[in-house]
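Have a look at the structure below, then the notes.
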Amino acid sequence: MAVNGETAALLSPVEAVALIGVLGIGAQWLAWRMQWPAIVMMSAAGLIFGPLSALLFGIPVLSPDETFGDLLRPIVSLAVAIILFEGGLVLKVHDLREAGSAVRRLVFFGGPITWVLGTLVCYFLADLGLGTSILFAGILVVTGPTVIMPLLRQSKLGGRVGKALKWEGIVNDPVGALFAVAAYEVLRVLSAEQSALSIIGWILFAAVSGVVIGIALGKFLSAAFRNAWLPEYLKAPVILISVLACYAGAEAIEHEIGLVAVTAFGMTLGNSKFASLQDLRRFKENIAVILVSGVFVILTANLTIETIVSALNLQTALFLIGMLFVVRPLSVAISTWGELKPKEMFLTGWIAPRGIVAVAVSGFFASRLATLGDGSSDLLRGAEQIVPLAFAIVFTTVIAHGFTMGPLSRKLKLAHSGPQGVLLVGANIWSVGLAKTLKEAGVNVMMADTDLRRLRPAREAGISVYTGEVLSESAEHRMDHSLFAFCAAVSANDYYNALVCRHFGPELGRDRTFQLSTSDNEEDFLGVPRASRGRTLIRSGRNYDGLIRDHYKKWIFHKTDLTEKYDFETFKKERPDADLIAEIRADGTIAMIGPDRPARGEIGSRIISFGPDAAEKKVPIEVTDGQPPADPELP
């Protein structure tokens, strides 16, 4: 639409904000339903309502530049600041120490190597100016955890490679942004034609000032929370406002130092200890999801057909080839030489998907570079190409690595093989016996509990254990999620079991989360809605108390192979009182059994059950295991 020769926005600011929110969160939901990377769906939404709608109708449905005008830059700046604060919040020094030497090498050696090699690729192959190349290469150090972690789960890649890729993504998220901030500050001061001594002095002063502001504010809020200077309902709002104040205060000293300050603020707060930290992290995650979705839609909607077409050239292709097949393999090989095996090094060198932060930060600095100098400087050449190139490498890496990670990890025998694993949450006499039986049947089992003592029998039996709260953010990063495809909450607390199933439902699927029954009436779940809990394991009314009572009545676990001579019907006739727990089918898959998910009973499958000792009843079955020993220390 043209008004007096100028392009007018089709939507009002209120309508644009509403549409951006609907598109961003709608794309996240659609990606979850279709099990696709969210970054692809959000990009598609922005492109459809931005440049593609302009191509079809002559005017874009969503044009953030026209709608928000001069307010767009501060909006994006504040959003990126909150995103980086949330990234710093999850960066714990203690966890980095435990991540292993391979991860530390990838971060402290691989990061700078990637920056240097990436700069060469951007300068010589993408034809960017030297300053633009240095800044953009710093951003490309980022390998997004929001992309890599779903890929790790889908491919069942664990071990040293899985841990290295996961922690590299977590740590490099803020590191890459800080590289870009440092590069921008150098370029900004150079464009002002100041002396080298004043450049170095001012950059160091500004950087130190930003770090000091962030650490001081983090320490102050941590002390305020520990000493109960604030009520619970004000803690989350205070943090959000503090992030904005921290960013604004640091920006008053020097432009873009606010990003350094909020990252330091997040790291300081994340490494502090106070009771509400986990709840505050969840709040910040929710805010970050909204902002990431919005920023991504804004950036893609702001692209033009001309910019997209100009990026589809030989230089872009050479840039992608250089980043994927030269920079990443070389940086991994140099930084992890002697630490990883050749096949581990090969897979790590191939997998480096870029994510949402790379594009968001690229869009942030692209507009900044365009305003430095008079725009004709060869040092800053190609600043307008940063965002299209960022989208190009994000799409290329997400698609290429997403489709090849699983087959390649299986080909190299680095992915977990065998039957799908089971996570048992809640260590007790009965669940430890079940874990041992499943392990003996060839099923990968992980047992989780907050009490180290309760997990002792499982550890002694060689079962993988996780000591800690599975609902925490720490478990999200420290647990090897590739080890299990099912979750069974079998603790004595029915409410907790429901929370566990609700937590793992979106990741595993609600049909793969189970918990023990509470009463004969499954509709009466102590006030917990049926939709908020997992499927019932075993049968209705088979609760924790009954299982423990029958354990002391000498009931034991059995593994029964079904054959033509001893089929499922025979098994049910001879063991009518047995609790059916799981079925390991002939193809190696496992199915947890419940009232709405009965066993198929196919020939060649194996039934895991819990019932009276067959020897005492003189009932012949094909495979019978002894009773798991009771640990007197367990309740």
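In order along segment 289-294, the Karplus-derived 3J(HN,Hα) couplings, from 6.51 cos²θ - 1.76 cosθ + 1.60 at θ = phi - 60°, round to 4, 4, 5, 4, 4, x Hz, and Gly and Pro are given as x. Label-to-label distance for Thr304 and Leu72 is 1.1 nm, based on points extended 7 Å past Cα in the beta-carbon direction. For the residues Ser540, Ser293, a 1.4 Å probe over the protein chains yields an accessible-area ranking, largest first, of Ser540, Ser293. Each peptide among 312-318, 346-352 gets the average number of other Cβ atoms lying within 10 Å of its residues, and from highest to lowest they stand as 346-352, 312-318. Protein-only accessible surface at a 1.4 angstrom probe places the residues Thr307, Thr450 in the order Thr450, Thr307, largest first. Rolling a 1.4 angstrom probe over the protein heavy atoms with all chains in place gives segment 351-407 an accessible area of 31 Å² per residue. Estimated at 0.36 nm per residue, the fully extended path between Lys553 and Ala228 surpasses their Cα-Cα distance by 112.0 nm.
Here segment 348-477 exposes an accessible surface that is 56 percent carbon and sulfur, computed with a 1.4 Å probe and the other protein chains kept in place.
Of Lys436/Lys572; Lys166/Lys341; Lys341/Lys439; Lys436/Lys554, which ones are farther than 21 Å apart at the Cα? Going by Cα-Cα distance, Lys436/Lys572; Lys341/Lys439 fall outside the 21 Å limit.
Extension gain for Arg585 to Ile334 (0.36 nm times residue separation, less C-alpha to C-alpha distance): 85.9 nm.
Could you tell me which of rounded, prolate or oblate describes segment 399-467, using a ≥ b ≥ c as the square roots of the eigenvalues of the alpha-carbon gyration tensor, with rounded for a/c under 1.5 and, failing that, prolate when a/b is larger than b/c and oblate otherwise? Since a/c reaches 1.5 and a/b is larger than b/c, the shape of segment 399-467 is classed as prolate. Averaging the sequence gap over all C-alpha pairs within less than 8 Å and six or more residues apart, then dividing by the number of residues, gives segment 354-489 a relative contact order of 21 percent. Full extension of the chain segment joining Tyr566 with Glu384 gains 58.3 nm, where the gain is 0.36 nm per residue of separation less the Cα-Cα distance. Each eigenvalue of the Cα gyration tensor of segment 316-388, multiplied by 5 and square-rooted, gives one semi-axis; in descending order these are 33, 13, 11 Å.
Note on Asp561: accessible area approximately 40 square angstrom, rounded to 10, probe 1.4 Å, nucleic acids and ligands left out. Once the C-beta distance of Ile48 and Ala400 is scaled by a Förster radius of 22 Å, the resulting FRET efficiency is 0.40 to the nearest 0.05. Estimated at the nearest 10 Å², the accessible area of Trp229 is 150 Å² with a 1.4 Å probe.
When the residues Thr513, Thr268, Thr371 are ordered by accessible surface, computed with a 1.4 Å probe over the protein chains alone, the sequence from largest down reads Thr371, Thr268, Thr513.
The values are calculated or read from the model by the stated rules, or taken from the named source; none is laboratory data. Please read all numbers here as calculations on a predicted model, not as lab measurements. A quick note on method: Cβ atoms are made from the backbone with ideal geometry, for glycine too, and the neighbour counts reach across all protein chains shown. Ligands, DNA and RNA are excluded from the accessible area calculation, which covers all protein heavy atoms including side chains. Shrake-Rupley method; radii C 1.70, N 1.55, O 1.52, S 1.80 Å.
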